[in-house]
Ligand SMILES: Cc1cc2nc3c(=O)[nH]c(=O)nc-3n(C[C@H](O)[C@H](O)[C@H](O)COP(=O)(O)OP(=O)(O)OC[C@H]3O[C@@H](n4cnc5c(N)ncnc54)[C@H](O)[C@@H]3O)c2cc1C
């Protein structure tokens with residue numbers, strides 16, 4: 001059974017219930033009624049829809065993991081921590097400009113520029129830092145190598161990235177790549193697989209997911225940096241590695257234990273069970289790889305072909321990853337599930353929210 005609802009159900013179950021992940025899926029295809037204020041969806045005027053796309057597309061109202069596993073990957077996952085995949089490798093971009101500007105191995109940026117050059121995609125929705133608000137990601141529709149590179153690097157706050165997909169569709173692009181954190185990839189997957197609303201989601205033909213433990217509330221991040229005598233606008237790079245959150249400025253670096261950063265976590269992240277961006281064609285992170293390399297989970301045929309072609313063309317270096325190197329990745333993914341499914345179960349008993357299409361108790365056995 002598919003849950004149905006409208007904007008008022010979305011408000012009650014998700015938005016006022018602090019579950020919203022601010023992905024932009026509800027507003028992207030309902031610009032008439034929904035806009036975003038204070039990092040939350042809000043209604044511009046009264047909506048009379050009984051069943052809205054906003055509710056249908058939201059990854060926090062309904063996300064049938066096992067059904068989607070079968071539909072997209074043709075199997076139910078054997079690896080509960082990481083989802084379905086073909087292989088896990090460690091890789092690095094060869095282009096020195098990409099290497100310099102990117103977060104880790106530059107794999108996301110290298111694959112996008114390669115895909116654009118080979119006309120696999122005609123545009124890419126990437127997140128660059130806003131010009132008006134330091135370190136706030138802003139989705140842009142990149143159609144050149146320069147624009148793709150302008151999005152390189154991780155921003156640890158969040159923005160409604162799916163609005164960028166709508167912009168790409170409005171711009172007439174037909175082969176769009178999307179880069180996003182797991183909730184954004186889930187949102188796009190929901191849009192593409194909706195049984196009720198067809199907005200042409202198949203025009204997104206490449207989804208690159210970023211591994212993610214959490215994102216931060218902007219005000220809380222500013223306050224935490226200030227405790228450490230750092231101003232957000234002075235930061236040149238952020239990184240999370242070996243249990244610490246690093247902020248680099250021209251004067252040096254500040255390292256904050258990641259446990260201390262938990263107080264900055266966005267509320268909506270506490271209900272996410274997906275570390276490894278389980279529904280991307282490819283998922284990319286740093287954990288398990290040596291510095292300057294990326295850990296890449298290759299999930300679909302399209303993802304595999306792109307990786308193989310990029311390697312053959314000499315765009316990226318690829319190495320096998322040992323089971324020992326993959327273990328920390330699996331451990332972190334399992335830890336996120338264990339911690340957050342506890343939080344989801346708490347909400348289910350209170351508000352009958354089905355984040356997944358299985359009963360609350362079944363979640364534990366299925367996913368951990
Ligand atoms: C909030 C967040 C948390 C993360 N947590 C972890 C973690 O715990 N462990 C781990 O191994 N990896 C984590 N990552 C992934 C890691 O930081 C790198 O993004 C990843 O390794 C890709 O590196 P790269 O050099 O290939 O990317 P690059 O080539 O630098 O490209 C990065 C891409 O990410 C996009 N991007 C950056 N910030 C955002 C954002 N906020 N929202 C949407 N898209 C964005 C950019 O548009 C760009 O296309 C996280 C990323 C983010 C954004």
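Taking segment 166-187 only, how many residues are more than 20 Å from residue 114 (Cα to Cα) and either in a helix (DSSP H, G or I) or not assigned by TED's automatic domain parsing to the domain that holds residue 207 (or both)? Of the residues in segment 166-187, 10 are more than 20 Å from residue 114 (Cα to Cα) and either in a helix (DSSP H, G or I) or not assigned by TED's automatic domain parsing to the domain that holds residue 207 (or both).
Evaluating residue 49 against the criteria (1) buried (at least 18 other Cβ atoms within 10 Å of the Cβ); (2) under 22 Å from residue 188 (Cα atoms) leaves one unmet condition, (1).
One residue stands out in segment 98-107 among those that are assigned to a helix (DSSP H, G or I) and within 15 Å of residue 317 (Cα to Cα): the one that is nearest to the ligand (Cβ to nearest atom), namely 107. When 134, 91 are checked against the criterion of being more than 8 Å from the ligand (Cβ to nearest atom), in contact (Cβ under 8 Å) with a residue 40 or more places away in the chain, over 18 Å from residue 188 (Cβ atoms) and part of a loop (DSSP other than H, G, I, E, B), a single residue qualifies: 134.
Residues in segment 7-34 that are out of contact with any helix residue (DSSP H, G or I) (no Cβ under 6 Å at 6 or more places or on another chain) and surrounded by fewer than 17 Cβ atoms within 10 Å (Cβ to Cβ) were compared, and the one that is nearest to residue 272 (Cα to Cα) is 16. Taking the listed residues 140, 208, the one that is within 12 Å of the ligand (Cβ to nearest atom) and within 23 Å of residue 286 (Cβ to Cβ) is 208, with no other qualifying. The condition of being away from the ligand (no atom under 11 Å from the Cβ), part of a loop (DSSP other than H, G, I, E, B) and either within 23 Å of residue 175 (Cα to Cα) or within 21 Å of the chain's Cα centre (by Cα) (or both) holds for only one of 115, 81, 75, that being 81.
The values are calculated or read from the model by the stated rules, or taken from the named source; none is laboratory data. All figures in this text were calculated on a predicted structure; none of them were measured in a lab. Positions of Cβ are backbone-derived with ideal geometry, glycine not excepted, and every protein chain shown enters the neighbour counts.
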